[in-house]
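Asker: I have a structure here, written as structure tokens, and I will follow up with some questions on it.
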Amino acid sequence: MIYEHALDFAQQLDHADPLRQFRDRFYIPQHAGKPVVYLCGNSLGLQPKCAREVLNQELNTWQNLGVEGWFEQREGAEQSWLSYHKSCKESLAQIVGAEQVEVCPMNALTVNLHLLLASFYQPTDKKNRILTIAGDFPSDQYALETHIKHRGLSPSEVLIEIAPRANDGLIHTTDIQNAIAEHADSLALIWMSGLNYYTGQVYTMDAITQTARHYCVPIGFDLAHAIGNVPLRLHEWGVDFATWCSYKYLNGGPGAVSGIFVHQKHHDQHLPRLAGWWGYREDRRFEMTPGFLPDTGADGWQVSTPNILALAVHRAAIAITAEAGIVALRQKSEHLTGFLEYILTPFDKIQILTPDDPNQRGCQLSLLVRKNGKALFNYLTQQGIIGDWREPDCIRLAPTPLYNTFEEIWQVGEVLKRFYAS
Ligand SMILES: *Cc1c(COP(=O)(O)O)cnc(C)c1O
């Protein structure tokens with residue numbers, strides 16, 4: 001697309017946007033009496049207007065039925081609480097490219113990572129190493145480090161970290177593939193983000209998975225920044241397992257329910273796991289007998305009673321993403337982010353860390369602003385443009401296709417002009 005830095009150009013794009021009505025489904029926070037330009041969906045997505053209503057529905061059920069809410073299907077409700085998680089599967093499966101039996105909403109991301117490591121990290125004397133990305137999200141690093149220690153191993157001897165190249169600061173697929181080949185004899189697991197939270201680089205998950213499969217090394221992805229942002233085909237790619245959070249691009253609310261993916265090829269394998277009663281065979285859960293029998297598929301990794309109030313908002317939020325469709329979202333997203341990149345290019349004090357190839361990024365652009373970065377960030381915030389700041393010199397801006405507009409991106413350009421003119 002050929003972009004122009006002009007208001008009427010941006011407005012034309014908004015007018016022609018097939019997803020433009022989705023913005024009305026969200027509350028846009030206000031600043032000085034006007035809606036902010038919210039470019040922070042990579043950190044916390046906005047509140048869907050339906051959230052309060054679906055919460056109220058479950059509060060009413062609790063009020064009127066008490067414990068019977070677990071079993072009784074109320075009027076107008078699709079599901080008793082007992083099978084509530086199942087009603088999230090259709091949307092989730094669509095969003096991550098999976099069979100419904102392969103996905104389940106549960107817990108929080110890092111908790112799920114520990115549970116999945118308990119199943120998929122099976123170190124032996126000869127094969128005990130874990131390949132990951134250097135400088136990946138801290139929570140993932142802490143989980144790996146402590147999980148490895150928990151198995152009586154030493155993180156420095158187990159971890160193989162692929163570093164970004166010095167020339168472009170990016171992780172190269174071939175570097176990961178070469179490392180997998182080089183360490184194939186000692187590798188027990190590959191765990192990495194699908195999309196880098198800091199640079200916004202999206203990794204070639206399919207190609208990396210092919211290499212992992214070639215060497216028979218299980219591979220799992222942290223999809224925190226990928227889910228709802230880029231198209232995923234976890235089943236088809238043959239990814240072994242994955243987890244994500246739903247408070248970023250899925251707009252599930254602060255600390256919203258996470259979810260997991262476990263590929264069908266593992267469902268009959270009786271993988272070891274850290275179990276709880278909610279992962280027990282559903283048809284026999286209330287027999288309360290000793291000896292854990294896992295439920296089918298991803299559901300068999302559930303541990304505890306789900307938080308129905310959180311699931312209610314989660315279900316409503318992911319239904320919006322599923323309704324818009326990830327293909328349409330991605331198409332708009334490429335244009336929105338491309339427009340932001342175009343708007344930023346004339347400002348030579350701003351360097352974009354994120355790859356300029358649309359195939360190597362999601363919606364987020366990470367701006368390196370070595371001079372007066374914090375002052376610029378504060379100015380943007382004062383002017384109602386909400387991004388986020390990473391010390392010492394990085395501003396992340398994430399235009400999200402569900403609720404951001406081209407006109408808002410144009411506004412960013414106007415505010416930048418004022419900042420650099422002063
Ligand atoms: C946001 C994010 C997390 C957050 O983990 P929680 O357990 O939900 O707090 C973890 N990993 C990555 C890569 C993230 O971007």
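Asker: By the scheme Lys and Arg +1, Asp and Glu -1, what is the net charge of all other residues having a beta-carbon under 14 Å from that of Ala322? Show your work: numbers first, answer last.
Answerer: Numbers: positive: Arg25, Lys89, Arg315, Arg330; negative: Glu90, Glu323.
Neighbour charge sum, excluding Ala322 itself: +2.
Asker: Now a separate question. Tally Lys and Arg at +1 and Asp and Glu at -1 over the other residues with C-beta under 15 Å from the C-beta of Gln360: what net charge comes out? Kindly include the intermediate steps, with their values, before the conclusion.
Answerer: On the way: positive: Arg165, Arg330, Arg361; negative: Asp168, Asp175, Asp206, Glu334, Glu341, Asp356, Asp357.
So the environment of Gln360 carries a net charge of -4.
Asker: Which of the lysines could a cross-linker span from Lys248 if the Cα-Cα distance has to be under 20 Å and same-chain partners fewer than 8 positions apart are dropped?
Answerer: Hits, sequence-local ones excluded: Lys49, Lys89, Lys332.
Asker: Then there is this: Mind giving me the FRET efficiency for Ala375 and Ser139? R0 is 25 Å, r the Cβ-Cβ distance, nearest 0.05 is fine. It would help to have the intermediate numbers written out before the result.
Answerer: Details: r = 30 Å, r/R0 = 1.20.
My answer for the efficiency is 0.25.
Asker: Same structure again: Dipole of the stretch 57-323 (Lys/Arg Cβ +1, Asp/Glu Cβ -1, origin at the Cα centre): which of Ala256, Asn60, Gln122 lies farthest to the positive side?
Answerer: Of Ala256, Asn60, Gln122, it is Gln122.
Asker: Round to the nearest 0.05 the FRET efficiency obtained for Ser304 and Ala421 when R0 = 56 Å and r is the Cβ-Cβ distance. Walk me through the numbers before you get to the answer.
Answerer: Working: r = 56 Å, r/R0 = 0.99.
For Ser304 and Ala421, the calculated efficiency is 0.50.
Asker: Follow-up question, since we're still on this one. Where the only charges are on Cβ atoms (+1 Lys, Arg; -1 Asp, Glu), what is the dipole of the stretch 28-149 about its Cα centre, to the nearest 20 debye?
Answerer: Details: 10 positive and 13 negative charges, 89 e Å.
I would put it at about 420 debye.
Asker: Provide the gained length on full extension for the span Glu182 to Trp62, in nm with one decimal, where the gain is 0.36 nm per separating residue minus the Cα-Cα distance. Walk me through the intermediate numbers first.
Answerer: On the way: separation 120, 0.36 × 120 = 43.20 nm, distance 5.62 nm.
The span from Glu182 to Trp62 would gain 37.6 nm if fully extended.
Asker: Nearest 0.05, what FRET efficiency do Ala166 and Asp356 give at R0 = 25 Å with Cβ-Cβ as r?
Answerer: Numbers: r = 18 Å, r/R0 = 0.73.
In this case the efficiency is close to 0.85.
Asker: Report the charge-dipole magnitude of the chain in Debye, nearest 20, computed about the Cα centre from +1 at each Lys and Arg Cβ and -1 at each Asp and Glu Cβ. Display every interim value, and only then the final one.
Answerer: Values: 35 positive and 46 negative charges, 139 e Å.
The calculated dipole for the chain is roughly 660 debye.
Asker: Hey, another quick one. Give me the base-10 log of I(q)/I(0) for the stretch 54-154 at each q in 0.14, 0.16, 0.24 Å⁻¹, Debye formula, one uniform scatterer per Cα, rounded to two decimals.
Answerer: Taken in order of the listed q values, log10 I(q)/I(0) reads -0.76, -0.85, -1.23.
Asker: Can you tell me how much longer the chain between Tyr342 and Trp277 gets when fully stretched, taken as 0.36 nm per residue apart minus their C-alpha distance, in nm with one decimal? Write down the numbers at each step before the final one.
Answerer: Values: separation 65, 0.36 × 65 = 23.40 nm, distance 5.28 nm.
Additional length available on full extension: 18.1 nm.
Asker: Based on the Cα gyration tensor of the stretch 57-323, what are the three equivalent ellipsoid semi-axes, each the root of five times an eigenvalue, rounded to whole Å and given largest first? Numbers along the way, then the final one.
Answerer: Details: eigenvalues 226, 89, 46 Å².
Each semi-axis is √(5λ); the values are 34, 21, 15 Å.
Asker: Can you grab the distance from the C-alpha centre of the stretch 319-373 to the C-alpha centre of the stretch 242-259, Å, no decimals?
Answerer: 21
Asker: For the stretch 91-207, what is the Kirkwood estimate of the hydrodynamic radius, computed as the reciprocal of the mean inverse distance between distinct Cα atoms, to one decimal in Å?
Answerer: Details: mean 1/r = 0.0645 Å⁻¹.
Answer for the stretch 91-207: a Kirkwood hydrodynamic radius of 15.5 Å.
Asker: Turning to a different aspect of this structure: Any idea what % of Cα-Cα pairs in the stretch 146-201 are farther than 13 Å? List each step's numbers first, then the result.
Answerer: Values: 1058 of 1540 pairs.
Of all Cα-Cα pairs in the stretch 146-201, 69 percent lie more than 13 Å apart.
Just so you know, all these numbers are worked out from the coordinates, no wet-lab data involved. Because the structure is a prediction, the values reported are computed rather than measured. Glycine also receives a Cβ, built like all others from the backbone with ideal geometry; neighbour counts cover every protein chain displayed.
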